């Protein structure tokens, strides 16, 4: 990668930001390869995705301040796994991953993540989400955060729930949203319309959270309902 960055005209001009479209494209091609189930295609696409990691690491090594290389990337991953999944690094009877069920593994992982955030200001319910991901993935991520925070389902608008139905129903719901968007502004884009729905819901969540008198993680369903925009004006 050092030689490629040095001698390649196109390669030497790339930055972390300029490579993002290629990272997204390769990720979706990997999704297609998994769906197709073709072994050779899957190997090829995994290689393309690995190239993106190597490319970003090579660019990172050129930083004037705090440079990093692929060894640092691998080391950071190993450190994270040791913190969040220490059972992978233990041996003996009753120890190791085989001694834990999936629910316990997830609990330990989430506890480790929480410990890593200890001492930092509490993260907002929808804070830190990548808003550039595809609309349906974005909606799913927001809903995961919302349910993890204990926000009651009755506060989630029906139009946010399209990510929970089967593929046929998902397309139908998205297409219906596109029809509504077309009538409203002529866009006719299910992606644009659902992204707007998700954004509006996320803003509502943040507004409600700002009114809570307790941390979001400690709020009960009734406390969320009491501060929810729209509901408070109705009561």
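Of all the criteria given as (1) at pLDDT 90 or above; (2) within 21 Å of the chain's Cα centre (by Cα), the one not satisfied by residue 69 is (2).
Any residue in region 191-199 that is farther than 28 Å from residue 35 by Cβ, at pLDDT 85 or above, under 17 Å from the mean Cα position of the chain (by Cα) and part of a helix (DSSP H, G or I)? For region 191-199, residues farther than 28 Å from residue 35 by Cβ, at pLDDT 85 or above, under 17 Å from the mean Cα position of the chain (by Cα) and part of a helix (DSSP H, G or I): present.
Determine if region 74-97 includes at least one residue that is over 25 Å from residue 5 (Cβ atoms), in contact (Cβ under 8 Å) with a residue 60 or more places away in the chain, surrounded by 14 or more Cβ atoms within 10 Å (Cβ to Cβ) and not assigned by TED's automatic domain parsing to the domain that holds residue 215. No, the conditions are met nowhere in region 74-97.
Residue 163 passes every criterion in (1) at pLDDT 80 or above; (2) within 17 Å of the chain's Cα centre (by Cα) apart from (1).
Checking the structure you have, find out if any residue of region 29-36 is within 24 Å of residue 132 (Cβ to Cβ), exposed (fewer than 12 other Cβ atoms within 10 Å of the Cβ) and at pLDDT below 95. Within region 29-36 (the criterion being within 24 Å of residue 132 (Cβ to Cβ), exposed (fewer than 12 other Cβ atoms within 10 Å of the Cβ) and at pLDDT below 95), the answer is yes, since at least one residue qualifies. Does residue 145 qualify as being under 17 Å from the mean Cα position of the chain (by Cα), under 30 Å from residue 223 (Cβ atoms) and at pLDDT 75 or above? Yes.
When region 12-24 is limited to residues that are in a helix (DSSP H, G or I) and without any contact (Cβ under 8 Å) to a residue 24 or more places away in the chain, the one that is nearest to the chain's Cα centre (by Cα) turns out to be 24.
Within region 201-223, how many residues are within 13 Å of residue 156 (Cα to Cα) and either in contact with a helix residue (DSSP H, G or I) (Cβ under 9 Å, 6 or more places away or on another chain) or in contact (Cβ under 8 Å) with a residue 60 or more places away in the chain (or both)?
Quick first cut of region 201-223, residues within 13 Å of residue 156 (Cα to Cα) only: 201-205, 208, 221.
Narrowing further to those that are either in contact with a helix residue (DSSP H, G or I) (Cβ under 9 Å, 6 or more places away or on another chain) or in contact (Cβ under 8 Å) with a residue 60 or more places away in the chain (or both): 201-202, 204-205, 208, 221.
Of the residues in that region, 6 qualify.
The values are calculated or read from the model by the stated rules, or taken from the named source; none is laboratory data. Quick caveat, the model's predicted, so the values are computed rather than measured. No Cβ is skipped: glycine too gets one built from the backbone with ideal geometry, and neighbour counts run over all protein chains shown.
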